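Worksheet: the structure to be examined is printed underneath.
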Amino acid sequence: MGYYGREYWTHPVSRFSQLKSILGDAVYDIRRTFLELNEQMLQRLLTVYGERHGDSAAKYARKTLPKWQSGAVTLSGQTMERLVELVPPFLAASARLSLLEKILQKNPTHPPTIRVKIDGLAPATGLAELDSALAGMRHTDPLAHLPPKVMQAATWLYADDITAARAMVAQIDARKNEAMRASAQKELDLLRRATVSGQVKNASYTVRMPAGTLEVAVVTPAPSIWKRLFG
């Protein structure tokens, strides 16, 4: 039945396909990692494998391992399902982060879009709104937006410690988001100076970050006929 729960295996799709639909390319990395483990790590993993799934399962794994490694026998979906639980805790933190990045790529979030309009003739209010919007575009917990089945797949990355899993995700998005935000801040500072000095009357700028998309438009209203005639 597997740790994902009964509902995920109720239709005639292979377990490997189910795992692929949830984990994306991470499932291939887990399989490759298992087949390339050194002898010491492999024996430790197979010991845990036997404790969880029984001696017969562990004996079969040890017997079939050379054929798995040579490609003569393909790892079954059930075996992969078990390895998905067992392999990640044996990996370094950087490798677990790489796996999680691939899971997030397979299950992207849909962050909000914030639009800020700046009046080219009276920019103070719009610029203050821009500062507030940019400061608020900090990364959020992307796991909160993932389907429950993916949450289950993510938590094992640190031995089912969901707090650590969330910290890993936060680290991924914080790194990307802050780099993009710092670059956007420099561009927007140039836009600010040009707008305040009157050098720019109409302009637009868009930045996309993990925390969301920020769209900025500087718009200078056309003068009225009365102002053009008598201003």
Among all residue pairs at least 6 apart or on different chains, which show Cβ distances below 7 Å where the first residue, located in the range 166-177, is more than 24 Å from P148 (Cβ to Cβ) and in contact (Cβ under 8 Å) with a residue 12 or more places away in the chain and the second is exposed (fewer than 15 other Cβ atoms within 10 Å of the Cβ) and not basic (K, R)? none
From the list T79, T74, T47, pick out the single residue that is in a helix (DSSP H, G or I), more than 22 Å from the chain's Cα centre (by Cα) and under 21 Å from S14 (Cβ atoms). T79
Does any residue in the range 19-35 that is at positive phi come within less than 8 Å, Cβ to Cβ, of a residue that is polar (S, T, N, Q) and not in a loop (DSSP other than H, G, I, E, B) six or more places away or on a different chain, and which pairs are these? G24/Q105
Which of the following residues is over 23 Å from R15 (Cβ atoms) and modelled with pLDDT of 90 or more: P123, P108, P112? P123
The number of residues in the range 169-187 that are crowded, with 19+ Cβ neighbours inside 10 Å and within 19 Å of A135 (Cβ to Cβ) is 4
Return yes or no: is R192 within 20 Å of the chain's Cα centre (by Cα), surrounded by 13 or more Cβ atoms within 10 Å (Cβ to Cβ) and either basic (K, R) or over 30 Å from P89 (Cα atoms) (or both)? no
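Of all residues in the range 140-167, count the ones that are within 14 Å of A211 (Cα to Cα) and either at pLDDT 70 or above or in contact with a strand residue (DSSP E or B) (Cβ under 7 Å, 6 or more places away or on another chain) (or both).
Total meeting the criteria: 0.
The values are calculated or read from the model by the stated rules, or taken from the named source; none is laboratory data. Just so it is clear, the model here is predicted, and its values are computed rather than measured. Backbone-built Cβ (ideal geometry, glycine too); neighbour counts: all protein chains shown.
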